[in-house]
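The values are calculated or read from the model by the stated rules, or taken from the named source; none is laboratory data. Bear in mind the structure is a predicted one, so any value in this text is a computation, not a measurement. Heads up, the Cβs are rebuilt from the backbone with ideal geometry, glycines too, and the neighbour counts pull from every protein chain shown.
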């Protein structure tokens with residue numbers, strides 16, 4: 001996943017500014033909506049940049065949570081291996097105790113050791129299950145970050161579409177295209193706000 005989403009909007013803004021300056025210098029009668037194109041384009045560029053930063057941040061946070069999840073899975077696996085080792089030791093002690101004659105002091109000691117290993121297994125099992133639960137929680141947190149990151153990524157895309165449509169509208173002097181671009185921009189602003197509220 002990318003660490004940061006690139007938003008190359010500087011060239012588009014420069015082109016629109018030059019076009020606007022040319023129209024002003026030539027004395028053309030500039031429609032009001034066309035005068036708004038540079039300002040709305042700048043606002044859309046800010047929306048795209050803020051959305052891009054938030055998307056990158058959430059991806060990084062999700063990767064960190066996934067890394068922590070892997071660490072917890074490793075600890076759980078180690079705990080289960082330790083659990084099995086205690087179980088094997090307990091079975092060996094129990095088998096040795098069964099092989100010894102009744103009343104033998106070693107038989108009592110081996111049975112006590114077998115019981116101790118069984119008790120230790122219960123504690124180790126609780127530890128392993130705790131690591132598994134924490135890994136599951138970390139995975140849910142990572143999924144939450146990725147889910148919210150999609151709002152920001154979509155906001156970046158819609159902002160870029162709106163900027164491109166504004167450029168096309170300014171060049172072709174088609175107000176309808178600009179309105180469609182502003183609709184895309186409004187949706188991107190809404191997604192940015194929604195994503196921030198969901199963080």
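The C-beta contact set for the range 48-72 (first residue at positive phi, second residue in a helix (DSSP H, G or I), distance under 8 angstrom, 6+ apart or interchain) is empty.
Of everything in the range 58-80, what is under 21 Å from residue 194 (Cα atoms) and crowded, with 17+ Cβ neighbours inside 10 Å? Give them in sequence order. Result: 58, 59, 61, 62.
Whether any residue in the range 161-168 is over 25 Å from residue 14 (Cβ atoms), surrounded by fewer than 21 Cβ atoms within 10 Å (Cβ to Cβ) and under 33 Å from the mean Cα position of the chain (by Cα) is what I want to check. No - not one qualifying residue is present in the range 161-168. Restricting 81, 60, 68 to those that are farther than 30 Å from residue 189 by Cβ and within 24 Å of the chain's Cα centre (by Cα) reduces the list to 68. Of the residues making up the range 105-138, those that are farther than 11 Å from residue 80 by Cα, buried (at least 16 other Cβ atoms within 10 Å of the Cβ) and under 26 Å from the mean Cα position of the chain (by Cα) are 134, 135, 138.
May I ask you to verify whether residue 9 is in contact with a helix residue (DSSP H, G or I) (Cβ under 7 Å, 6 or more places away or on another chain), at pLDDT below 85 and buried (at least 17 other Cβ atoms within 10 Å of the Cβ)? Yes; evaluated as a whole, the condition is true for this residue.
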